[in-house]
Amino acid sequence: MRCRVSWEAYVKPVSNQLDMFGAPSSVDADRRRSRARDNALPVDEAEMVRRLTETGRYRILTKLPQRVVVTERRPGFPRIGVIVDTETTGLSFRTHEVIEFGGVAFSFTDEGEMGDVLEVYGGLQEPTTPISDEITQLTGITNDMVIGQSLDIWAIERLIRSADLVIAHNAAFDRPFCELISPVFGDVPWACSNAEIGWSARGFEGSKLGYLVGQSGFFHEGHRAVDDCFALLEVLMAPVTDEGASAFTELYQASLQSRAKIWALYSPFETKDILKARGYRWSDGTDGQPKSWWMEVAETDLDAELMFLRSDIYQRADIEPVIRILSAVDRFKA
């Protein structure tokens, strides 16, 4: 694309001579502007971006590209990932409902190299209770938009059954809502691009999707489900500037590793700050889990974590905390 920059950038300012008896001639001013426009040089868009960036005073954001959905899969990309996102009437899957579901399927290799977009699904659903003004402001979805709308469950199940990996940016939130849509979501491996990628080590200031998109050099419109899926796709596909693994490669490799969930049952009250500082979180038992501090670690780190609990928390060698080994199919369930 080629465009013209403002002609003032190429014309030296001309001082108006003082007219003691009247204003400067508007005809002369028009002639000067016309000559300047005729002499203006076209500047390539990429060159404009380069010039602004090199000053160090500007950060250029590019609108997210529109990915083409391919009709034929390239050879060498045998696996399928599906990025999903839900918009809901609230935060609790027990009391709130899904009002929008979005999914973007893509191909990838066994090594974690992403390929092409294969399929896109987006749909609205009318809830049994009205959408609040707060949710409308957050999502842009109004009650009028969802009247008579329902998700195509058959299309969603077909999309998910083909997946080797389902990805959400907050899988602990999205997975329970997705399982309300269809039980097929309970039978596939899940990965969380928020929790399972070391974004700070990659130079990002935060892990919220908006931060990741902006610091990756993009911007996107709205908070709708499919839009957010494509935004996350671009962040995961972003090229690596050094000799490290891409964000998606890191995520895929993490999904292949089993995790151990540990509950520090009956830990002494005075050790709560130690547990919290180490990364343990408190469960009040209302979600069906034990009422205690808990944490997930890589299965390979389990022995070290048990040693910590026995020496620093319980101060007893015979303590056996409650442990559950989790695969990607088990993780992020309610």
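The values are calculated or read from the model by the stated rules, or taken from the named source; none is laboratory data. Computed from a prediction, not measured in an experiment: that's the story for all the values here. When we count neighbours, we look across all protein chains shown, and the Cβ atoms used for this are built from the backbone with ideal geometry, even at glycine. To get the accessible areas, we keep the full protein, side chains included, count just its heavy atoms, and leave off ligands, DNA and RNA. Shrake-Rupley method; radii C 1.70, N 1.55, O 1.52, S 1.80 Å.
Identify, please: which residue in the stretch 239-273 is among the small types (Gly, Ala, Ser) and closer than 18 Å to PHE77 by Cβ and is, among those, surrounded by the most Cβ atoms within 10 Å (Cβ to Cβ)? Steps first, please.
Taking the stretch 239-273 as the starting set, the residues that turn out to be among the small types (Gly, Ala, Ser) are 244-247, 254-255, 258, 260, 264, 267.
If we keep only those that are closer than 18 Å to PHE77 by Cβ as well, we get 245-247, 255.
Working: ALA245: 13, SER246: 18, ALA247: 25, SER255: 23.
My answer is ALA247.
Could you grab me the full set of residues in the stretch 174-196 that are hydrophobic (A, V, I, L, M, F, W, C), in contact with a strand residue (DSSP E or B) (Cβ under 9 Å, 6 or more places away or on another chain) and open to solvent by less than 50 Å² (accessible area, probe 1.4 Å)?
Correct list: PHE177, CYS178, ILE181, PHE185, VAL188, TRP190, ALA191, CYS192.
Quickly run through the stretch 234-254 and pick out the residues that are at pLDDT below 85 and either aliphatic (A, V, I, L, M) or outside any loop (DSSP other than H, G, I, E, B) (or both). Lay out the reasoning, then the answer.
Within the stretch 234-254, the subset at pLDDT below 85 is 238-245.
Across the stretch 234-254, the qualifying residues are ALA238, VAL240, ALA245.
Kindly evaluate THR286 against the criterion of being at negative phi and outside any helix (DSSP H, G or I).
Values: at negative phi: yes; outside any helix (DSSP H, G or I): yes.
Here the answer is yes, as THR286 does meet what is asked.
Only helices (runs of 4 or more DSSP H) wholly contained in the stretch 122-166 count here; list those with 1 or more residues that are more than 18 Å from HIS96 (Cα to Cα) and out of contact with any Asp or Glu (no Cβ under 6 Å at 6 or more places or on another chain). If you could, list the steps in order and put the result at the bottom.
On the way: elements: 133-139, 143-146, 153-161.
So the answer is 143-146, 153-161.
Determine whether ASP133 is surrounded by 15 or more Cβ atoms within 10 Å (Cβ to Cβ), more than 23 Å from ALA334 (Cβ to Cβ) and either out of contact with any His (no Cβ under 9 Å at 6 or more places or on another chain) or polar (S, T, N, Q) (or both).
Numbers: surrounded by 15 or more Cβ atoms within 10 Å (Cβ to Cβ): no; more than 23 Å from ALA334 (Cβ to Cβ): yes; either out of contact with any His (no Cβ under 9 Å at 6 or more places or on another chain) or polar (S, T, N, Q) (or both): yes.
In short, no.
LYS276 versus (1) exposed (fewer than 15 other Cβ atoms within 10 Å of the Cβ); (2) basic (Lys, Arg); (3) assigned to a loop (DSSP other than H, G, I, E, B): which is the lone unmet condition?
The one condition LYS276 does not meet is (3).
What are the pairs with Cβ atoms under 6 angstrom where one residue, in the stretch 169-180, is aromatic (Phe, Trp, Tyr) and the other, located anywhere, is surrounded by fewer than 20 Cβ atoms within 10 Å (Cβ to Cβ)? Sequence gap at least six, or different chains.
PHE177/PHE93
Which of the residues belonging to the stretch 305-334 are open to solvent by 40 Å² or more (accessible area, probe 1.4 Å) and over 32 Å from the mean Cα position of the chain (by Cα)?
MET307, ARG310, SER311, ASP312, GLN315, ARG316, ALA317, ASP318, GLU320, VAL322
Mind checking which residues of the stretch 279-304 are open to solvent by less than 20 Å² (accessible area, probe 1.4 Å) and more than 17 Å from ARG259 (Cα to Cα)? If you could, list the steps in order and put the result at the bottom.
Filtering the stretch 279-304 down to residues open to solvent by less than 20 Å² (accessible area, probe 1.4 Å) leaves 280, 283, 292, 297.
Result: SER283, SER292.
Which residue is surrounded by the fewest Cβ atoms within 10 Å (Cβ to Cβ), if the candidates are limited to the stretch 83-116 and must be of a type in the set (A, V, I, L, M) and over 24 Å from LEU138 (Cβ atoms)? Even if it seems obvious, please write down each step before you answer.
Step one: filter the stretch 83-116 for residues of a type in the set (A, V, I, L, M), giving 83-84, 91, 98-99, 104-105, 114.
Those left that are additionally over 24 Å from LEU138 (Cβ atoms): 105, 114.
Working: ALA105: 22, MET114: 20.
That would be MET114.
Residues that are more than 19 Å from LEU180 (Cα to Cα), in contact (Cβ under 8 Å) with a residue 12 or more places away in the chain, in contact with a Leu (Cβ under 9 Å, 6 or more places away or on another chain) and not hydrophobic (A, V, I, L, M, F, W, C): does the stretch 45-52 have at least one? Show your work before the answer.
Here is the first cut: in the stretch 45-52, the residues more than 19 Å from LEU180 (Cα to Cα) are 45-52.
Filter once more, so that each one left must be in contact (Cβ under 8 Å) with a residue 12 or more places away in the chain: 45, 48.
Cutting the leftovers down to in contact with a Leu (Cβ under 9 Å, 6 or more places away or on another chain) gives us none.
No: zero hits.
Name, by its number, the condition in (1) among the small types (Gly, Ala, Ser); (2) in contact with a Phe, Trp or Tyr (Cβ under 9 Å, 6 or more places away or on another chain); (3) part of a loop (DSSP other than H, G, I, E, B) that does not hold for ALA231.
For ALA231, the exception is condition (3).
Restricting attention to the stretch 200-219, and to residues there that are open to solvent by less than 50 Å² (accessible area, probe 1.4 Å) and touching a residue at least 40 places away in the same chain (Cβ under 8 Å), which single residue is farthest from VAL84 (Cα to Cα)? Steps first, please.
Keep residues of the stretch 200-219 that are open to solvent by less than 50 Å² (accessible area, probe 1.4 Å), which gives 204, 206-207, 209, 212-214, 216-218.
This time we only want the ones that are touching a residue at least 40 places away in the same chain (Cβ under 8 Å), so: 209, 213-214, 217-218.
Values: LEU209: 13, VAL213: 17, GLY214: 20, GLY217: 22, PHE218: 20 Å.
That would be GLY217.
Mind checking which residues of the stretch 121-130 are surrounded by fewer than 20 Cβ atoms within 10 Å (Cβ to Cβ) and in contact with a Gly (Cβ under 7 Å, 6 or more places away or on another chain)?
Passing the criteria: GLY122, GLU126.
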